1. Search the range 76-87 for residues being under 13 Å from residue 116 (Cβ atoms) and open to solvent by less than 10 Å² (accessible area, probe 1.4 Å), and hand back the single one that is farthest from the chain's Cα centre (by Cα).
2. Looking at (1) in contact (Cβ under 8 Å) with a residue 40 or more places away in the chain; (2) in a loop (DSSP other than H, G, I, E, B); (3) under 28 Å from residue 9 (Cβ atoms), which one does residue 229 not meet, given that it meets all the others?
3. Does any residue of the range 153-165 turn out to be at pLDDT 95 or above, crowded, with 18+ Cβ neighbours inside 10 Å and in a loop (DSSP other than H, G, I, E, B)?
4. Which of the residues that make up the range 278-291 are in a helix (DSSP H, G or I) and open to solvent by 30 Å² or more (accessible area, probe 1.4 Å)?
5. Report, by residue number, each residue of the range 1-12 that is modelled with pLDDT under 70 and in contact with a helix residue (DSSP H, G or I) (Cβ under 8 Å, 6 or more places away or on another chain).
6. Looking only at the range 232-252, how many residues end up being closer than 14 Å to residue 60 by Cβ and either part of a strand (DSSP E or B) or touching a Gly at 6+ places or on another chain (Cβ under 7 Å) (or both)?
7. Which one of these is open to solvent by less than 30 Å² (accessible area, probe 1.4 Å) and closer than 19 Å to residue 80 by Cβ: 241, 232?
8. Under the condition of being in contact with a helix residue (DSSP H, G or I) (Cβ under 9 Å, 6 or more places away or on another chain) and of a type in the set (D, E, K, R), which residue from the range 171-197 is modelled with the lowest pLDDT?
Amino acid sequence: MPNLSMLKIIVRETLSRGRIERTPEPSLVMDDEDQVQAYVAAGRETGVMAPTYVFHGANISDVIKPGDRVLDLACGPANQLALVARLNPDVSFVGIDLSPSMLAQAEALIAAQELDNVSFQQGDITCLSAFADQSFDAVISTLSLHHLPTTGMLAQTFAEAARVLRPNGGVYIMDFSRLKARSSIEYFAYQYVDRQPALFTQDYLNSLLAAFTLAELKAAGAPLIGRATLFSTWGVPFMASFKSPLRQPANPKLRALFKELVEALPAWHQTDLADMVRFFRMGGLQSALLA
């Protein structure tokens, strides 16, 4: 059952006719060292975003299988990618990002975890010219598309993702979806202000203000129609995800590993994860790995 604050947001977002205008991110590339460090710290598996990474890790694992070659669009410091690569050692991953600082963090993390199934490439996700048509078995991306300056660049990214994806390939592309009221956006941005660095809180607010609407994501994702379905959180489309059908049955060993990850989370992280699972399930998206 949603708490009182969430119920107020659902009512406000449902009844509101207007919508706050989009404020693009201050910079396409996050290269400020303090900002990078704040983002990295909050995103590590013990940070404030830990339950988010477990949730997306499960959904990504649904759409990949052993032997796959997977492209991670705008991989950032590889917090999400490292978790998925560690749990899926028989899959090969390529992370692409425009920021040298982020890629340096990503390479350090992969080296520290001694993962040998991940490589990186600096590049622009709106133009994947370094990769041939149908060269990947799956394309993934989490919490990155809102950094794009325009809806045109968003559409180019989806077109390129569709181009490099093989027939019957896997898709999990997830990002924020811009809400109507600034007060709704601020609720999420400041929800855990006491548990995260101030720079991360500001970056989080900027991300939510820069998010595309659900309608804009749907229009841009047209090249993936028939290959992936667009889902969003129920009641309030705070997050949205394109996900393809399952590409392998739920692996009991992998399910056990995710159970261990969940049980290792602090109680408040487990509550956050349960809420995310519930609101996405009510919106039609779920993973058997978190059942």
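The values are calculated or read from the model by the stated rules, or taken from the named source; none is laboratory data. Computed from a predicted model, the values in this text were never measured in an experiment. Positions of Cβ are backbone-derived with ideal geometry, glycine not excepted, and every protein chain shown enters the neighbour counts. These area figures cover heavy atoms from the full protein model, side chains too; ligands, DNA and RNA do not enter into them. Shrake-Rupley method; radii C 1.70, N 1.55, O 1.52, S 1.80 Å.
1. 85
2. Every listed condition holds for residue 229 apart from (2).
3. No; the residues of the range 153-165 include none that is at pLDDT 95 or above, crowded, with 18+ Cβ neighbours inside 10 Å and in a loop (DSSP other than H, G, I, E, B).
4. Within the range 278-291, 278, 281, 282, 288, 290 meet the criteria.
5. 2 - this is the single residue of the range 1-12 that is modelled with pLDDT under 70 and in contact with a helix residue (DSSP H, G or I) (Cβ under 8 Å, 6 or more places away or on another chain).
6. Here the count works out to 5.
7. Of the residues listed, the single one that is open to solvent by less than 30 Å² (accessible area, probe 1.4 Å) and closer than 19 Å to residue 80 by Cβ is 241.
8. 195
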